[in-house]
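Novice: Below: one structure in structure tokens.
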Amino acid sequence: MNSNHEFVSFPRRLAALLYDIVAVFTVLYFASFVPIVAAGGDAIAPGNPIFVLYLLVIAFGYFGLSWTHGRTLGMQAWKLEIRACADTRRITWKQAFIRFAGAALSIAIFGAGYFSALTDAENRTWHDRLSKSRLVRKQP
């Protein structure tokens, strides 16, 4: 890792995640109006697989676009950036997809992948390792 960057602490990572949860839920809230309007104002049945897939695509769009441009809203607020491990470049869309899938898996099993950062020497989560990416403190 570049010596100009320090490892991101677990509390800072969680703080950025909380900001991003608010941001992505806001995006999903407004995005959910599109299929409702397209359905003529009718309610969409809970658990509708097409609607769930639509929301997952929208959520990936938020994170993928943000990550491939260096940071999400939460990362920006907490002065973090995401970088490829091999160098200091931004991550690719492939890495963003792997990261998104790894984070979703982690959340599905009660955040185990996030908590793994507490025992990792470089404070990496499962999705950091799977996607060969890392969070770093943004340098001024």
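The values are calculated or read from the model by the stated rules, or taken from the named source; none is laboratory data. A quick note: this is a predicted structure, and the numbers were derived from the prediction, not measured. Backbone-built Cβ (ideal geometry, glycine too); neighbour counts: all protein chains shown. To get the accessible areas, we keep the full protein, side chains included, count just its heavy atoms, and leave off ligands, DNA and RNA. Shrake-Rupley method; radii C 1.70, N 1.55, O 1.52, S 1.80 Å.
Novice: Does at least one position in segment 86-101 carry a residue that is of a type in the set (A, V, I, L, M, F, W, C), within 27 Å of PRO11 (Cβ to Cβ) and assigned to a strand (DSSP E or B)?
Specialist: no
Novice: What are the residues in segment 11-55 that are under 12 Å from the mean Cα position of the chain (by Cα), among the aliphatic types (A, V, I, L, M) and closer than 23 Å to LYS94 by Cα, if any?
Specialist: Those that are under 12 Å from the mean Cα position of the chain (by Cα), among the aliphatic types (A, V, I, L, M) and closer than 23 Å to LYS94 by Cα: ALA16, LEU17, ILE21, ALA23, VAL24.
Novice: In addition: Quick one: which helices (runs of 4 or more DSSP H) lie wholly within segment 1-84 and hold at least 2 residues that are within 18 Å of ALA101 (Cα to Cα), without any contact (Cβ under 8 Å) to a residue 12 or more places away in the chain and open to solvent by 90 Å² or more (accessible area, probe 1.4 Å)?
Specialist: In segment 1-84, 49-68 are the helices (runs of 4 or more DSSP H) which contain 2 or more residues that are within 18 Å of ALA101 (Cα to Cα), without any contact (Cβ under 8 Å) to a residue 12 or more places away in the chain and open to solvent by 90 Å² or more (accessible area, probe 1.4 Å).
Novice: Scan segment 86-140 for residues that are exposed (fewer than 14 other Cβ atoms within 10 Å of the Cβ) and among the small types (Gly, Ala, Ser) and jot them down.
Specialist: ALA86, ALA108, ALA112, ALA121
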